[in-house]
Amino acid sequence: MKTVIVTAFEPFGDFEDNPTQKILAELPAFLYDAKIIKVTLPVIWNQAFSELLPVMDRHKPSLILMLGLAAGRTHVNIERVAINVASSKTPDNLGQISYEKPIDKAGPDAYFTNLPLEEVMQRMHRKQIPATLSNSAGTYLCNQIMYQVLHHIAKEEADTKAGFIHMPLLPEQVIHKPHLASLEKRHTMDAVLTIIDLLINPVELDLKQI
């Protein structure tokens with residue numbers, strides 16, 4: 001049986017909810033012959049990967065999809081690259097700030113996702129999902145977890161696909177913040193299921209019929 005790991009982050013900063021947790025809660029336990037393992041990660045420098053690594057080692061997934069919140073973005077963003085930098089003025093949930101630090105002193109400058117981006121975007125657009133490619137995952141924990149996962153896959157020479165998806169805020173999160181963009185959860189859910197479907201099932205099907 002194939003295994004897919006999907007991760008979300010807990011709330012952080014001024015946001016009481018993280019839309020990635022809502023997506024995680026509604027994902028099915030299985031899709032076709034693949035078991036979906038759901039993991040919510042802490043917004044704490046370095047601790048997120050420490051909690052994810054044992055799950056990766058135990059389940060040996062064929063696909064890891066990491067989800068994060070990017071307030072202000074209008075579309076689902078498929079991240080192309082993670083850079084070896086941990087730097088943000090935004091503290092983590094323990095109040096820690098990382099400034100201009102390498103994620104791994106011995107690691108390469110960057111890792112590119114090994115998702116088939118052209119196929120991903122073609123399928124997203126056929127399904128009319130508001131999705132774009134992004135060339136910057138930032139330098140906060142979203143970038144860090146993406147880098148650490150891809151670094152581990154490279155070191156282990158594992159046959160695992162992995163990528164990071166940034167999600168906009170949900171409409172209910174911007175009721176009192178009209179200057180911020182939002183996106184309905186059905187689009188973000190469709191985006192996650194579409195990528196899982198593409199990677200584990202060679203035949204494109206209508207997931208609404210499953």
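Pairing residues of the stretch 33-48 that are farther than 13 Å from Met146 by Cα with residues that are in a helix (DSSP H, G or I) and at pLDDT below 95, at Cβ distances under 6 Å and at least 6 apart in sequence or on separate chains, gives Ala34/Ile200. Among residues of the stretch 157-177 that are surrounded by fewer than 20 Cβ atoms within 10 Å (Cβ to Cβ), those with a beta-carbon under 7 Å from a residue that is of a type in the set (Asp, Glu) and not in a strand (DSSP E or B) at least six positions away or on a different chain give the pairs Pro171/Glu184; Gln173/Asp17.
Annotation: Thr139 fulfils all but one of (1) assigned to a helix (DSSP H, G or I); (2) within 16 Å of the chain's Cα centre (by Cα); the unmet one is (1).
Within the stretch 116-133, restricting attention to residues that are touching a residue at least 60 places away in the same chain (Cβ under 8 Å) and touching a strand residue (DSSP E or B) at 6+ places or on another chain (Cβ under 9 Å), the residue that is surrounded by the fewest Cβ atoms within 10 Å (Cβ to Cβ) is Pro116. How many residues does the stretch 47-66 hold that are surrounded by fewer than 16 Cβ atoms within 10 Å (Cβ to Cβ) and not in a helix (DSSP H, G or I)? Number satisfying all stated conditions: 1. Number of residues in the stretch 34-49 that are out of contact with any Asp or Glu (no Cβ under 9 Å at 6 or more places or on another chain) and either charged (D, E, K, R) or farther than 20 Å from Tyr99 by Cβ (or both) equals 5. For Leu150, indicate whether it is hydrophobic (A, V, I, L, M, F, W, C), within 22 Å of Pro42 (Cα to Cα) and outside any strand (DSSP E or B). It is true that Leu150 is hydrophobic (A, V, I, L, M, F, W, C), within 22 Å of Pro42 (Cα to Cα) and outside any strand (DSSP E or B). Among residues of the stretch 100-111 being in a strand (DSSP E or B) and either exposed (fewer than 12 other Cβ atoms within 10 Å of the Cβ) or aliphatic (A, V, I, L, M) (or both), the one that is modelled with the highest pLDDT is Ala110. Hey, Lys155 hits all of (1) out of contact with any strand residue (DSSP E or B) (no Cβ under 9 Å at 6 or more places or on another chain); (2) modelled with pLDDT under 95 but one; which does it fall short on? Here Lys155 meets the rest and fails (2).
Residues are listed down the side, and each one gets a yes or a no for (1) farther than 21 Å from Asp197 by Cα; (2) at pLDDT 95 or above; (3) over 16 Å from the mean Cα position of the chain (by Cα):
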position: Phe9; (1), (2), (3): yes, yes, no
position: Pro28; (1), (2), (3): no, yes, yes
position: Gln47; (1), (2), (3): yes, yes, yes
position: Leu115; (1), (2), (3): no, yes, no
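Per the listing Gly68, Gly72, Gly138, the residue uniquely of a type outside the set (Lys, Arg), under 23 Å from Ala181 (Cα atoms) and either touching a Gly at 6+ places or on another chain (Cβ under 7 Å) or at pLDDT below 95 (or both) is Gly72. Please work out if Asp17 is farther than 23 Å from Leu183 by Cβ, surrounded by fewer than 17 Cβ atoms within 10 Å (Cβ to Cβ) and of a type in the set (Asp, Glu). Here the answer is no, as Asp17 does not meet what is asked.
Checked against the criterion of being within 26 Å of Pro54 (Cα to Cα), under 16 Å from the mean Cα position of the chain (by Cα) and of a type in the set (Asp, Glu), the stretch 174-194 has no qualifying residue. Filter the stretch 67-99 for residues that are of a type in the set (A, V, I, L, M, F, W, C) and assigned to a strand (DSSP E or B) and give the result. Residues satisfying the conditions are Leu67, Leu69, Val76, Ile78, Val81, Ala82, Ile83, Ala86.
Does Asp14 qualify as being among the acidic types (Asp, Glu), farther than 29 Å from Val174 by Cβ and out of contact with any strand residue (DSSP E or B) (no Cβ under 6 Å at 6 or more places or on another chain)? The answer is no for Asp14.
The values are calculated or read from the model by the stated rules, or taken from the named source; none is laboratory data. The model shown is predicted, which means the values in this text are computed figures rather than measured ones. Virtual Cβ from ideal backbone geometry, glycine too; neighbours counted across all protein chains shown.
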